[in-house]
């Protein structure tokens, strides 16, 4: 089994609403919005493949706190009340290293759904 690299440092920046993860190969800042819309919780991911719920209106979400969950994950507590996702070290490493790809896919999904980062649907002119 491949050993998942653990961050050597984790810093929560409340003002900029980012979580900074320091790995041997670089430092990554993940925004609260990015982490919230990619939450591994059943509420976001669904209970099976393709059952996820597109998260909208999370542009201004913040992080209230971060707690370790055993030796394998972080629990991130968001200021919108969401706190049920456990971000494993493997998942955080993946999010950090593939952030742009995931973000682009999220923005595309929002666009296809006619939804917005600010919430609600975007009016489209014909």
(request) Can you give me the number of residues within the range 61-78 that are in a loop (DSSP other than H, G, I, E, B) and without any contact (Cβ under 8 Å) to a residue 40 or more places away in the chain? (result) 3
(message) Considering only residues that are within 14 Å of residue 58 (Cβ to Cβ) and assigned to a strand (DSSP E or B), which ones fall in the range 19-38?
(response) 30, 31
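Look through 35, 19, 30, 54 and report the one residue that is under 17 Å from residue 85 (Cα atoms), touching a strand residue (DSSP E or B) at 6+ places or on another chain (Cβ under 9 Å), in contact (Cβ under 8 Å) with a residue 24 or more places away in the chain and surrounded by fewer than 13 Cβ atoms within 10 Å (Cβ to Cβ).
54
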(request) Examine the range 93-109 for a residue that is at pLDDT 95 or above, in contact with a helix residue (DSSP H, G or I) (Cβ under 9 Å, 6 or more places away or on another chain), crowded, with 18+ Cβ neighbours inside 10 Å and under 22 Å from residue 3 (Cβ atoms), and state whether such a residue exists. (result) yes
(request) Tally the residues that are in contact with a helix residue (DSSP H, G or I) (Cβ under 7 Å, 6 or more places away or on another chain) and exposed (fewer than 15 other Cβ atoms within 10 Å of the Cβ), restricting the search to the range 68-83. (result) 1
(message) Can you say whether residue 47 is surrounded by 14 or more Cβ atoms within 10 Å (Cβ to Cβ), assigned to a loop (DSSP other than H, G, I, E, B), out of contact with any strand residue (DSSP E or B) (no Cβ under 7 Å at 6 or more places or on another chain) and at pLDDT below 95, as far as the supplied structure shows?
(response) no
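The values are calculated or read from the model by the stated rules, or taken from the named source; none is laboratory data. These numbers come from a predicted model, not from an experiment. No Cβ is skipped: glycine too gets one built from the backbone with ideal geometry, and neighbour counts run over all protein chains shown.
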